[in-house]
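Trainee: Below is the structure I would like to discuss, written out as structure tokens.
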Amino acid sequence: MASLRDIKTKITSTKKTSQITKAMQMVDAAKLNRAELRAKGFNPYMEKIQEVVASIALGSSSAEHPMLNSREVKRTGYLVITSDRGLAGAFNSSVLRAVYQTIESRHQSKDEYAIIVIGKIGAEFFRKRNMNVISQLTGIGDDISFSSIQDIARKTVEMYGDGTFDELNMFYNHYISAISQEVTQKKLLPLSDLATSSKLMSYEFEPSEEAILDVLLPQYAESLIYGALLDSKASEHASRMTAMKNATDNANDLIHEYTLSYNRARQAAITQEITEIVGGAAALE
């Protein structure tokens, strides 16, 4: 049986751990509120730009653009969104597992795919497995601005245009609620699914539909990436908040068990002392 000093040390260290995880839970709860508001605030812009793009692309038989047309897939691009830090439960492992299994099942060699990864955890994961990472972005922080990811978003869209890959799939964690996040795979390019629930509007174009699409389609694709990042960031904070809550609960359970063990050990020590005193007194009679 552990000594009273050892049990007391365990109780003290576990209480300190519980205080840390509780503080981290509260911090991520505050960050989640901001990230959720930011993600929801971006939705009206996405809905409007999708409506305009769909109205042009689907409402005209003469509008053509390479980003709208499917082509023979010789090389596939994967845009993977993870976090820079751990301690977020299954947030990173679930999305990385989905990407890894997809690549293993679909491709025979590294020449058949390319990976663009956002987040330090994902970058390290693919580097350790010697997978074909052609671009990465780390250290973007919690308050994501479009300017901070514009370069990698633009380069990713341009790589589709110059034939670096023939389709682009995006993997990230979709935020559903504070206790539920879902690994999502979305086909980003080509933009073959522009269906919108709203009625297509009629627009007048100047100088032409093709010129408008040349500007709007890359912006739309980049906006999809930015929207997924905002969604993923909300999922990250929710997952880390849940993980820290579970850690705090587990620490409290351990403190309760250690306290019971400490009380039993102390009672046993007291009983032993009383027995020795009584036995000593009896021996003197």
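Trainee: HN-Hα J couplings of segment 134-148 from phi, Karplus 6.51/-1.76/1.60, θ = phi - 60°, integer Hz, Gly and Pro as x?
Mentor: Taking θ as phi minus 60°, the curve returns 9, 7, 8, 9, 10, x, 7, x, 8, 8, 7, 9, 5, 5, 6 Hz for segment 134-148.
Trainee: Can you tell me how segment 3-103 classifies by the Cα gyration tensor, rounded, prolate or oblate, using a/c under 1.5 as the rounded cut?
Mentor: oblate
Trainee: For segment 1-134, what does the relative contact order come out to in percent, with C-alpha contacts under 8 Å and a separation of six or more?
Mentor: It rounds to 21 percent for segment 1-134.
Trainee: Measure nothing but the geometry: give the 0 to 90° angle between the long axis through the Cα atoms of 4-59 and the longest principal axis through the Cα atoms of the chain, rounded to 10°.
Mentor: With both axes taken from Cα atoms, the answer is about 10 degrees.
Trainee: Using alpha carbons only, how many degrees (0 to 90, rounded to 10) separate the axis of helix 91-106 from the longest principal axis of the chain?
Mentor: Computed tilt is about 50 degrees.
Trainee: Among the aspartates and glutamates, select those whose C-alpha is under 12 Å from the C-alpha of Lys74, and discard any that sit fewer than 8 residues away in the same chain.
Mentor: Asp111, Glu112, Asp166, Glu167
Trainee: Then there is this: Arg75: net charge of surrounding residues, Cβ under 14 Å, Lys/Arg +1, Asp/Glu -1, itself excluded?
Mentor: Local net charge: -2.
Trainee: Pairs Lys186/Lys233; Lys15/Lys40; Lys15/Lys128; Lys22/Lys186; Lys8/Lys245: which exceed 26 Å Cα-Cα?
Mentor: Check vs 26 Å cut-off fails for Lys15/Lys40; Lys15/Lys128; Lys22/Lys186.
Trainee: Another question, then. For segment 65-117, what relative contact order do you get, as a whole percent, if you take Cα pairs closer than 8 Å and at least 6 residues apart?
Mentor: Rounded, it is 56 percent for segment 65-117.
Trainee: Please identify, among Ser55, Ser208, Ser70, the residue showing maximal mean-square fluctuation in a Gaussian network model of the chain using a 10 angstrom Cα cutoff.
Mentor: Top of the fluctuation ranking is Ser208.
Trainee: How much net charge surrounds Gly41 when only the other residues with a Cβ under 14 Å from the Cβ of Gly41 are counted, with Lys and Arg +1 and Asp and Glu -1?
Mentor: So the environment of Gly41 carries a net charge of +1.
Trainee: So how strong a dipole does the chain carry about its Cα centre when Lys and Arg Cβ are +1 and Asp and Glu Cβ are -1, to the nearest 20 debye?
Mentor: Dipole of the chain, to the nearest 20 debye: 1220 debye.
Trainee: Given the -39500 (n - 2.57) contribution per DSSP H run of 4+ residues, what per-residue ellipticity at 222 nm results for the chain, rounded to the nearest 500 deg cm²/dmol?
Mentor: About -22000 deg cm²/dmol.
Trainee: Have a look at the DSSP beta bridges in the chain and tell me what percent are antiparallel, nearest 5.
Mentor: The antiparallel fraction comes to roughly 40 percent.
Trainee: Given a 1.4 Å probe and every protein chain left where it sits, what share in percent of the accessible area of the chain is carbon and sulfur?
Mentor: Carbon and sulfur atoms account for 52 percent of the accessible area of the chain.
Trainee: Relative contact order for the chain: what percent, with Cα pairs under 8 Å and sequence separation of 6 or more?
Mentor: Rounded, it is 33 percent for the chain.
Trainee: Kindly report the accessible area of segment 24-168 per residue (heavy atoms of protein chains, probe 1.4 Å, no ligands, DNA or RNA), in Å².
Mentor: Using a 1.4 Å probe on heavy atoms only, each residue of segment 24-168 averages 50 Å².
Trainee: Under unit Cβ charges (Lys, Arg +1; Asp, Glu -1), what dipole magnitude, rounded to 20 debye, does segment 4-158 have relative to its Cα centre?
Mentor: The calculation lands at about 1020 debye.
Trainee: So how long is each side of segment 132-182 along the principal axes, counting just the alpha-carbon atoms, biggest first, in Å?
Mentor: In descending order, the Cα extents are 40, 22, 19 Å.
Trainee: Around Phe125, what is the net charge, scoring Lys/Arg as +1 and Asp/Glu as -1 over all other residues with Cβ under 15 Å from its Cβ?
Mentor: Spelling it out: positives minus negatives among the neighbours equals +3.
Trainee: Pop a pseudo-label 7 angstrom from the Cα along the beta-carbon direction at both Met26 and Ala211 and give the gap in nm to one decimal.
Mentor: Distance between the two pseudo-spin positions: 5.8 nm.
Trainee: Report Rg(Cα)/(2.2 N^0.38 Å) for segment 55-153, keeping two decimals.
Mentor: Segment 55-153 yields a ratio of 1.31.
The values are calculated or read from the model by the stated rules, or taken from the named source; none is laboratory data. Everything quoted here is computed from the prediction, not taken from an experiment. In this analysis, Cβ positions are derived from the backbone assuming ideal geometry, glycine residues included, and neighbour counts consider all displayed protein chains. Only protein heavy atoms, including side chains, enter the accessible area calculation; ligands, DNA and RNA are left aside. Shrake-Rupley method; radii C 1.70, N 1.55, O 1.52, S 1.80 Å.
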